[in-house]
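Written out below as structure tokens is the structure these notes cover.
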Amino acid sequence: DTEVTQTPKHLVMGMTNKKSLKCEQHMGHRAMYWYKQKAKKPPELMFVYSYEKLSINESVPSRFSPECPNSSLLNLHLHALQPEDSALYLCASSQADRVAEAFFGQGTRLTVV
Amino acid sequence: DAKTTQPPSMDCAEGRAANLPCNHSTISGNEYVYWYRQIHSQGPQYIIHGLKNNETNEMASLIITEDRKSSTLILPHATLRDTAVYYCIARLFGNEKLTFGTGTRLTIIP
């Protein structure tokens with residue numbers, strides 16, 4: 001199984017809502033990532049988890065809250081988002097502590113209204 | 001990680017070899033060159049990576065110049081399904097970050 005599964009595929013939420021994005025992998029990878037991608041732009045790194053601990057936060061606003069409950073799961077909790085947060089949110093995973101390729105999910109298309 | 005420079009767009013005829021250049025003139029000795037591509041509305045897909053030797057896999061070949069200041073990704077027989085944005089990334093060994101540049105939009109022409 002070389003898949004990274006993201007749910008939901010599409011999400012529409014209001015600015016006062018709380019929602020969560022979910023990412024799952026069963027490749028035994030111990031590094032997991034969240035990226036944000038706006039239309040016609042490259043993916044931008046948001047967070048990196050290594051061995052279930054947050055190792056990189058790219059100065060992401062606190063309305064985005066990541067969580068890694070175990071080595072296979074990565075969540076992104078969303079609260080009080082703005083319309084400009086509408087984007088494709090991508091999850092990825094890779095082996096930690098080595099030069100290795102990252103596997104990406106298909107993303108969650110988020111629209112904030 | 002070293003900055004990479006790629007042409008914004010390229011066209012290639014179907015069935016021909018697509019050669020995608022990448023400049024990384026400030027690359028350090030322990031930075032690897034990675035290539036990913038992103039087909040429209042999908043997540044990025046790993047293609048290949050290398051340090052100093054040329055590399056080949058079932059998807060592509062990676063040619064790195066001897067001074068390591070540039071590289072070329074070669075898709076030997078391009079198909080319409082190879083139409084995508086191709087990203088060249090220089091990544092320091094052990095660096096957890098994978099940072100994407102603006103990439104090259106490759107269009108395969110029938």
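Each reported figure results from applying straightforward, stated rules to the coordinates on display, with no laboratory input. Note that the structure is predicted; figures quoted are calculated from it, not measured. A quick note on method: Cβ atoms are made from the backbone with ideal geometry, for glycine too, and the neighbour counts reach across all protein chains shown.
Values computed for the structure shown
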{"item": "Per-residue ³J(HN,Hα) for the range A:78-88, Karplus 6.51 cos²θ - 1.76 cosθ + 1.60, θ = phi - 60°, Hz, x for Gly and Pro", "result": "10, 8, 6, 6, 10, x, 6, 7, 4, 5, 8"}
{"item": "Chain A: relative contact order in percent, alpha carbon pairs under 8 Å with at least 6 residues between", "result": "37"}
{"item": "For B:Ile48, distant residues with modelled amide H under 5 Å away", "result": "B:Trp35"}
{"item": "Cα shape, the range A:27-68, gyration tensor, a/c 1.5 rule", "result": "oblate"}
{"item": "Phi to ³J(HN,Hα) by Karplus 6.51 cos²θ - 1.76 cosθ + 1.60 over the range A:23-31, Hz, x for Gly, Pro", "result": "9, 9, 9, 10, 9, x, 6, 10, 10"}
{"item": "The range A:1-44 shape via C-alpha gyration tensor axes, a/c threshold 1.5", "result": "oblate"}
{"item": "The range A:14-78: relative contact order in percent, alpha carbon pairs under 8 Å with at least 6 residues between", "result": "36"}
{"item": "Simple spin-label estimate for A:His26 and B:Ser28 in nanometres, 7 Å along Cα-Cβ", "result": "4.0"}
